[in-house]
Amino acid sequence: MKVLVGFITTPEGEAALEAAIAEAKLRSATLVVVHSLHGGGRDEDLLPEYTRALHEVETRLRGEGVAFEIRELVRGNSPGDDLLKFATDEHVDLIVIGIRRRSPVGKLVLGSNAQDILLGADCPVLAVKP
């Protein structure tokens, strides 16, 4: 059994990681932590921060005693598309995502990775707030 969590260094991402750890323990599942970057110049600036953060996550998961994998994806896709494709390809049993409140106009103008995942996933999705 696999539990997938999309990793991002925000309060929403932290809430998702917490919930995913709990779900992996409850289900005796492997926790797959996925960080998705689009690629290009802007993402290169963020790489050192995410490398450090993912190392901290790895240390934390070792301490939690959870079986885990950490994957960094740079495929040119949106995070939502990356997580959905990964979940399908890897036969994930549960996706855990962090969500935040957005106005209807904000959802319309900016789109929503969370919404894409909730509507497009072939498996259950647990959405958590910080």
Q) Which residues' amide hydrogens lie under 5 Å from the amide hydrogen of Phe7, considering only partners 5 or more residues apart or on another chain, with H built in the peptide plane? A) Val34, His35, Ser36
Q: Apply 1/(1 + (r/R0)^6) to the Cβ-Cβ distance of Val74 and Ser112, taking R0 = 25 Å, and write down the FRET efficiency to the nearest 0.05.
A: 0.70
Q. Ignoring ligands, DNA and RNA, how do Lys85, Lys2, Lys129 rank by accessible area with a 1.4 Å probe, largest first?
A. Lys129, Lys85, Lys2
Q. What relative contact order, as a whole-number percentage, does the stretch 1-100 give when Cα pairs under 8 Å and 6 or more residues apart are counted?
A. 43 percent
Q: Can you tell me the order of 25-36, 112-123 when each peptide is scored by its average per-residue count of other Cβ atoms within 10 angstrom, highest first?
A: 25-36, 112-123
(Q) Please list 3J(HN,Hα) in residue order for the stretch 123-130, calculated via the Karplus relation 6.51 cos²θ - 1.76 cosθ + 1.60 where θ = phi - 60°; whole Hz, with x for glycine and proline. (A) 10, x, 10, 9, 9, 10, 10, x
Q. Any idea of the accessible area per residue across the stretch 1-40, 1.4 Å probe, to the nearest Å²?
A. 39 Å²
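The values are calculated or read from the model by the stated rules, or taken from the named source; none is laboratory data. If you're wondering where the values come from, they're calculated on a predicted model, not measured in any experiment. Quick reminder, even Gly has a Cβ in these numbers, built from the backbone with ideal geometry, and neighbours come from all protein chains shown. Just so you know, the surface numbers come from the protein's heavy atoms only, side chains and all, with ligands and any DNA or RNA stripped out. Shrake-Rupley method; radii C 1.70, N 1.55, O 1.52, S 1.80 Å.
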